[in-house]
Amino acid sequence: MRAFWLLLAAAIGGVLVWQGRPWLEQRSDPVVEAVPRAITPAGDLAADEKATIELFERSKGSVVFIATTQLVRDFWSRNLFSVPRGAGSGFVWDSDGHVITNHHVVQGAAEAKVQLNDGRDYSARLVGASPAHDLAVLRIRVPERRPAALPIGTSADLKVGQKVFAIGNPFGLDWSLTTGVVSALDRSLPTEDGRTIEHLIQTDAAINPGNSGGPLLDSSGRLIGINTAIYSPSGAYAGVGFAVPVDTVNRVVPQLIAKGKYTRPVLGVSTDEQLNQLIARQLGVKGVAVLNVEAGSPAEAAGLRAARRAPDGSIIPGDIITAIDGKAVDSVGRLINRLDEHKVGDTITLTVQRDGKPTEVKAVLKEGA
């Protein structure tokens, strides 16, 4: 019986081998000599390809890779250990070694290492940060062959549809270039801590985790934004990325370098979002209700009127701020961001609803605490 099964297995094996061989060529003549195919000469690159290559070669040396670590304490030994926390991108701001990145790239980190495009690594020191703008400034000491700073552009004159270029380190894949267009302007994005970042540039240039803090460039290679966030249900690229506009960067970064923090210009009014919505609905006006005017503030000098309580306990509305320099103000967050578009000492024109009528008053902004 065992011999029968052995014979059957051998027969099946033979059938399988026989059936499998037809796809192999049965050679009867001598084997011909095989040589590589001739290479077709390449034509000239298109003009836009050459421009993109030149832009990348010119800019990549100013882009850096940032790796952060955090300290953890061993439960048993109580010893502290440094463990990797995350990674992101950044770029050289000036010849003094300042490097710009996103605040969320370095938030909570114990230390950060900055790697230049040529492979050199340096320990970085945190100079200052502004969580409200998702910006941070690091500094590295480069004794020689310092990388050049990126040229600065403007974001106020950006147009939807113009080309943009992002350089960064997505998923740790260093110095990657992606291209796209400006998809939209003046976007608002809520952050995890309840803040709202205003005036963001929306782009379809591929931005993924690790791109954060890297530069967004125009076709001239000028910095026009800092890649900061993506909209993605999966956490990866979905065609919608956001960048902090360079006009914001150029306003905030000098303060971070000089003072370590960003000081907003203030008007000197107190507001409350819930109460503000109640009063606005009551009056049928979209704006921000002035609940209190601080003594010695720009608001007091401008003659703004605060809400007051009537003898029966009801609230008598004061001024309702509806616009700043002609730009609508419809929430407390929007008021703060409209003020943030200016600097200390600027004179602004407030449009307020007073006694049912629109009125314009001027105020000179002061430095906040």
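The values are calculated or read from the model by the stated rules, or taken from the named source; none is laboratory data. Remember, it's a predicted structure, so these values are computed and weren't measured experimentally. FYI the Cβ positions are ideal-geometry reconstructions off the backbone, even for glycines, and counts take in every protein chain you see. Remember, those area values only see protein heavy atoms, side chains included, never the ligands or the DNA or RNA. Shrake-Rupley method; radii C 1.70, N 1.55, O 1.52, S 1.80 Å.
Out of curiosity, is residue 348 within 14 Å of residue 283 (Cβ to Cβ) and assigned to a strand (DSSP E or B)?
no
Can you go through 216, 150, 185, 158 and tell me which one is buried (at least 17 other Cβ atoms within 10 Å of the Cβ), assigned to a strand (DSSP E or B) and either touching a Leu at 6+ places or on another chain (Cβ under 8 Å) or at positive phi (or both)?
Only one candidate passes the filter, namely 216.
Any residue that is within 21 Å of residue 186 (Cβ to Cβ), in a strand (DSSP E or B) and either open to solvent by 30 Å² or more (accessible area, probe 1.4 Å) or free of Cβ contacts under 8 Å to residues at least 40 places away in the same chain (or both) - is there at least one of those in segment 226-238?
yes
All but one of (1) open to solvent by 40 Å² or more (accessible area, probe 1.4 Å); (2) touching a Lys or Arg at 6+ places or on another chain (Cβ under 8 Å); (3) closer than 24 Å to residue 190 by Cα hold for residue 305, so report the exception by its number.
(3) is the only condition that residue 305 fails.
Looking at residue 59 and the list (1) buried (at least 18 other Cβ atoms within 10 Å of the Cβ); (2) modelled with pLDDT of 95 or more; (3) part of a strand (DSSP E or B), which single condition is not satisfied?
Going through the list (1) buried (at least 18 other Cβ atoms within 10 Å of the Cβ); (2) modelled with pLDDT of 95 or more; (3) part of a strand (DSSP E or B), residue 59 breaks only (3).
Enumerate the pairs (first residue in segment 138-150 and of a type in the set (Gly, Ala, Ser); second residue anywhere and assigned to a loop (DSSP other than H, G, I, E, B)) with beta-carbon separation below 7 Å, excluding pairs fewer than 6 apart on the same chain, so at least 6 apart or on different chains.
Listed pairs, sorted by first residue: 149/93; 149/94; 149/95.
Pairs please, first residue from segment 317-328 and among the basic types (Lys, Arg), second anywhere and open to solvent by 10 Å² or more (accessible area, probe 1.4 Å), Cβ atoms under 9 Å, 6+ apart in sequence or on different chains.
327/334; 327/338; 327/341
Suppose we filter segment 258-277 for residues that are assigned to a loop (DSSP other than H, G, I, E, B) and more than 22 Å from the chain's Cα centre (by Cα); how many remain?
Selection size over segment 258-277: 4.
From the list 333, 313, which one is without any contact (Cβ under 8 Å) to a residue 24 or more places away in the chain, surrounded by fewer than 18 Cβ atoms within 10 Å (Cβ to Cβ) and not in a strand (DSSP E or B)?
Only one candidate passes the filter, namely 313.
Looking only at segment 310-321, which residues are closer than 20 Å to residue 268 by Cα and not hydrophobic (A, V, I, L, M, F, W, C)?
317, 318, 319, listed by residue number.
Please go through segment 316-327 and pick out each residue that is closer than 12 Å to residue 349 by Cα and part of a strand (DSSP E or B).
321, 322, 323, 324, 327
Somewhere in segment 261-279, is a residue at positive phi, open to solvent by 20 Å² or more (accessible area, probe 1.4 Å) and not aliphatic (A, V, I, L, M)?
Checked against the condition, which is being at positive phi, open to solvent by 20 Å² or more (accessible area, probe 1.4 Å) and not aliphatic (A, V, I, L, M), segment 261-279 yields no hits at all.
Kindly indicate whether any position in segment 292-301 is surrounded by 21 or more Cβ atoms within 10 Å (Cβ to Cβ), in contact with a strand residue (DSSP E or B) (Cβ under 6 Å, 6 or more places away or on another chain), among the hydrophobic types (A, V, I, L, M, F, W, C) and in a helix (DSSP H, G or I).
Yes, segment 292-301 contains a residue that is surrounded by 21 or more Cβ atoms within 10 Å (Cβ to Cβ), in contact with a strand residue (DSSP E or B) (Cβ under 6 Å, 6 or more places away or on another chain), among the hydrophobic types (A, V, I, L, M, F, W, C) and in a helix (DSSP H, G or I).
Of everything in segment 88-143 that's in contact with a Pro (Cβ under 9 Å, 6 or more places away or on another chain) and not in a loop (DSSP other than H, G, I, E, B), which residue is most open to solvent (accessible area, probe 1.4 Å)?
Within segment 88-143, the match that is most open to solvent (accessible area, probe 1.4 Å) is 104.
Being open to solvent by 40 Å² or more (accessible area, probe 1.4 Å) and assigned to a strand (DSSP E or B) is the requirement here; does residue 358 meet it?
Here the answer is yes, as residue 358 does meet what is asked.
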